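The values are calculated or read from the model by the stated rules, or taken from the named source; none is laboratory data. Predicted model only: the values in this text are computed from it and were never measured. Every residue, glycine among them, receives a Cβ derived from its backbone with ideal geometry; neighbour counts consider all protein chains shown. With ligands, DNA and RNA removed, areas are computed over all heavy atoms of the protein, side chains included. Shrake-Rupley method; radii C 1.70, N 1.55, O 1.52, S 1.80 Å.
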Amino acid sequence: IQPSPDGLAQAFILAEDFLDGSPSTLILGDNIFFGNALPLLLEKADNYRTGATIFGYHVNDPGRYGVIGFDKDGKVNSLVEKPSKPISNYAATGLYFLDSEAPKIAKSIKPSLRGELEILSLLEYYLIEKRLRVERIGRGHAWLDTGTHGSLIDAGNFVRTLQKRQ
């Protein structure tokens, strides 16, 4: 448990002893993922032993999220938190697979203007080192960020619809 709200990247510092040199996965509690092939995407990310893997999802309102930029070959080349002019429509979801170096890297990042150790700052380290991978969550899947009142209602309606029909 965080003693104070000092940012998502702090989780890796707080969990360092528990992780004991192992890779880790962080998922935000206000995210819902759905899709039949999701276990395959997760297994693929889990099989990497070095670097970091994040998941990108195409959204209509990318300015609400951390946005993933891609080069002409489709490889990640930038991460921008809530940009006013998004460079793509791919949001970084709240699901992160990181190697055993995550606690050490988290200790090296500087707090943001908000005074937090930002997850994107941690991921930028992997990006600069060319060790950041993005798995795009595509058709047949859903990612729901329930961080606003409206998106929570949308997620509830989505789950309700699935439960009624399946």
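Considering every residue within segment 78-86, establish whether at least one is more than 27 Å from PHE18 (Cβ to Cβ), in contact with a Leu (Cβ under 6 Å, 6 or more places away or on another chain) and among the charged types (D, E, K, R). It would help to see each step written out before you state the result.
Here is the first cut: in segment 78-86, the residues more than 27 Å from PHE18 (Cβ to Cβ) are 78, 80-86.
Imposing the further condition that a residue be in contact with a Leu (Cβ under 6 Å, 6 or more places away or on another chain) reduces the set to 81.
When the remaining residues are screened for being among the charged types (D, E, K, R), the result is 81.
Checked against the condition, which is being more than 27 Å from PHE18 (Cβ to Cβ), in contact with a Leu (Cβ under 6 Å, 6 or more places away or on another chain) and among the charged types (D, E, K, R), segment 78-86 yields at least one hit.
From the list LEU42, LEU26, LEU38, which one is of a type outside the set (S, T, N, Q) and in contact with a helix residue (DSSP H, G or I) (Cβ under 8 Å, 6 or more places away or on another chain)?
On the way: LEU42 fails: in contact with a helix residue (DSSP H, G or I) (Cβ under 8 Å, 6 or more places away or on another chain); LEU38 fails: in contact with a helix residue (DSSP H, G or I) (Cβ under 8 Å, 6 or more places away or on another chain).
Exactly one of LEU42, LEU26, LEU38 is of a type outside the set (S, T, N, Q) and in contact with a helix residue (DSSP H, G or I) (Cβ under 8 Å, 6 or more places away or on another chain), namely LEU26.
Only one of (1) hydrophobic (A, V, I, L, M, F, W, C); (2) open to solvent by 30 Å² or more (accessible area, probe 1.4 Å); (3) touching a residue at least 60 places away in the same chain (Cβ under 8 Å); (4) in a loop (DSSP other than H, G, I, E, B) is not met by LEU113, so which one is it?
Single failed check for LEU113: (3).
Is there a residue in segment 73-88 that is polar (S, T, N, Q), under 25 Å from THR146 (Cα atoms) and not in a loop (DSSP other than H, G, I, E, B)? Break it down into steps so the answer makes sense when it comes.
First, pick out the residues of segment 73-88 that are polar (S, T, N, Q): 77-78, 84, 88.
Right, trim to under 25 Å from THR146 (Cα atoms) and you get 78, 84, 88.
The next check asks that each one be not in a loop (DSSP other than H, G, I, E, B); those that pass are 78.
Yes - at least one qualifying residue is present in segment 73-88.
Looking at segment 33-58 only, could you name the residues that are among the β-branched types (Val, Ile, Thr) and either open to solvent by 80 Å² or more (accessible area, probe 1.4 Å) or at pLDDT below 95 (or both)?
The initial filter retains those residues of segment 33-58 that are among the β-branched types (Val, Ile, Thr), namely 50, 53-54.
Passing the criteria: only THR50.
Find the residue count for segment 125-166, including only residues that are surrounded by 17 or more Cβ atoms within 10 Å (Cβ to Cβ), among the hydrophobic types (A, V, I, L, M, F, W, C) and more than 17 Å from GLY35 (Cα to Cα).
Count: 3.
In segment 7-21, what residues are part of a loop (DSSP other than H, G, I, E, B), of a type outside the set (A, V, I, L, M, F, W, C) and open to solvent by less than 50 Å² (accessible area, probe 1.4 Å)?
GLY7, the sole residue that qualifies.
Out of PRO103, PRO86, I need the residue that is free of Cβ contacts under 8 Å to residues at least 40 places away in the same chain and surrounded by 15 or more Cβ atoms within 10 Å (Cβ to Cβ). Which one? Show your work before the answer.
Numbers: PRO103 fails: free of Cβ contacts under 8 Å to residues at least 40 places away in the same chain.
Among PRO103, PRO86, only PRO86 is free of Cβ contacts under 8 Å to residues at least 40 places away in the same chain and surrounded by 15 or more Cβ atoms within 10 Å (Cβ to Cβ).
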